[in-house]
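Report on the structure given below.
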Amino acid sequence: MSTIYLHPPGLVCALGHGLPQVREALWNAAGPGGLVQTERYSPGRSLPLGEVQAALPSLDHAAPQFRVRNNAIALLALEAIRPAVEAAINRFGPSRVAVVVGTSTSGLAEGEAARALHERSGTWPTGFSYAQQELGNLADFLAAELGLTGIAHVISTACSSGAKALASGARLLNAGMADAVVAGGCDALGAFTVAGFSALESVSATRCNPMSLNRRGINLGEGAALFLMTREEAPVRLAGWGESSDAHHMSAPDPTGRGAMRAMQGALQRAGVAPGAVDYLNLHGTATPHNDIMESLAVAEVLGTGVPVSSTKPLTGHTLAAAGAVEAAFSWLTLVDNPQGRLPPHWWDGEADPALAPLRLVAPGESLGRAPRHVLSNSFAFGGSNASVLLGSS
């Protein structure tokens, strides 16, 4: 297999837009930021959500089927890496640069608004296209935006999508089917998403509290992270990845954690890295009762209880299909220009649940005292789709 490199990502989420702004907010030890209290997507019920606050680029130049918020968020992330991507297109040609991205929303919010107008007036909005809601829309948009003619597809496996997109991109490079890949994930908030998770009684009315005795569920969020992946040297390697399927339940993880263990073990084995060499783990860490007990068990079994771990979802909300890519970008930031090994803090109320394995949760301001070398990131999805990615410094 070739060595696969991850070039600096384009990143936008509730913590900000761009690597410097997000880095500062991620490591702010004064207190958690990111989330806003709003009824925007749940009238009559105020919820903390991880909304993108940055001004989004116009999509007036795009075809009507691409004019959706999800694509605008992705375009904002793309802008940061566009010069590097266009240089890769010039080197390899438009048929040799692939697009692999995770999403679950596409133009769902625009579809909601169109249906509401049709119910009121009997007419559809000008410019509305059903294609806005197709899951492949994001990959088609990015390919059209960049003038690409090669492989372009979406992975939609809920919360593992963004991580699995990175694994899929690596496979394309290793198989010689592409010379560069734009890979990552993007999801946008919408009323349907908020209502759906609320119906499952999975949404917390306050900032989520992962690994706590008092955890009450997730906060939802939106965002995007896009990487340029190549065989050409960059500061970070995609050292390994692991994927597994529980096939246990549509919305609950296997309580034994076996699928999560296989994903983590697969990433370590592919990289040839021992568990003790992992310097930090970004937890899936949703703050739901079932996920946290399963994940703590799996982490303790694979890595032990001494590795520093944290969930960054209290800062961004759960960005769903984008989460694996957004948190891989956080892992990238942890590896690059970080000589003291500052770690993303785990924000919670400090009340440990005796039913959970006693993991080493990162305190605000904590650091390794040296540059980290390997960072692991977990993403576990509905339907038992599990993915772990291991990033290494070059």
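Laboratory data are not the source of any read-out in this text; all were calculated from the coordinates shown. All of these numbers come straight from a predicted model, not from anything done at the bench. Counting neighbours? That spans all protein chains shown, and the Cβs are built from the backbone with ideal geometry, glycine included.
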Computed Kirkwood radius, in angstrom, where 1/r is averaged over Cα pairs of region 1-67: 15.1
Environment charge of Glu243, counting only residues whose C-beta is closer than 12 Å and scoring Lys/Arg +1, Asp/Glu -1: +3
Built amide H within the under 5 Å cut-off of Glu134, gap 5+: Gly107
Quotient of C-alpha Rg and 2.2 N^0.38 Å, computed over region 270-394: 0.99
Value of [θ]222 nm, deg cm²/dmol, for the chain, DSSP H segments ≥ 4, -39500 (n - 2.57) each, nearest 500: -10000 deg cm²/dmol
Mean Cα-pair separation over length for region 5-384, i.e. relative contact order, pairs under 8 Å, 6 or more apart, %: 23
Residues Glu201, Glu145, Glu222 arranged by fewest to most Cβ contacts within 10 Å: Glu201, Glu145, Glu222
Under Karplus coefficients 6.51, -1.76 and 1.60, residue-wise ³J(HN,Hα) of region 287-296 in Hz, glycine/proline x: 6, 8, x, 6, 4, 5, 5, 5, 5, 4
Antiparallel content of DSSP bridges confined to region 5-384, in %, to 5: 50
Whole-Å distance, taken between Cα centres, linking region 70-111 and region 251-268: 30
Translational diffusion of region 352-394, µm² s⁻¹ [Kirkwood Rh, Cα pairs; Stokes-Einstein; 20 °C; 1.002 mPa s]: 158
Calculated P(r) tail over 38 Å for the chain, as whole % of Cα pairs: 13
Farthest positive-ward along the chain dipole, Cα basis, beta-carbon charges - from Pro125, Ser377, Thr193: Ser377
Region 125-155-region 166-212 distance, computed between alpha-carbon centres (Å): 18
For His346, His61, His248, order by how many other beta-carbon atoms lie within 10 Å, fewest first: His61, His248, His346
At q = 0.18 Å⁻¹, base-10 log of I(q)/I(0) for region 111-227 (Debye sum, equal scatterers on each alpha carbon): -1.06
Derived scalar couplings ³J(HN,Hα) [region 92-104; Karplus, 6.51 cos²θ - 1.76 cosθ + 1.60; whole Hz; x for Gly, Pro]: 9, x, x, 8, 10, 10, 9, 10, 9, 9, x, 7, 9
Thr312, Thr305, Thr126 arranged by Cβ crowding within 10 Å, fewest neighbours leading: Thr126, Thr305, Thr312
For the chain, size of Cβ-based charge dipole, Lys and Arg +1, Asp and Glu -1, in debye: 400
Whole-Hz ³J(HN,Hα) from phi, Karplus 6.51 cos²θ - 1.76 cosθ + 1.60, for region 125-132, glycine and proline x: x, 4, x, 6, 9, 4, 4, 4
Proximal charge balance of Val194 [Cβ under 15 Å; K/R count +1, D/E count -1]: -3
Total formal charge among the other residues, if their Cβ is under 14 angstrom from that of Glu24, Lys/Arg +1 and Asp/Glu -1: +1
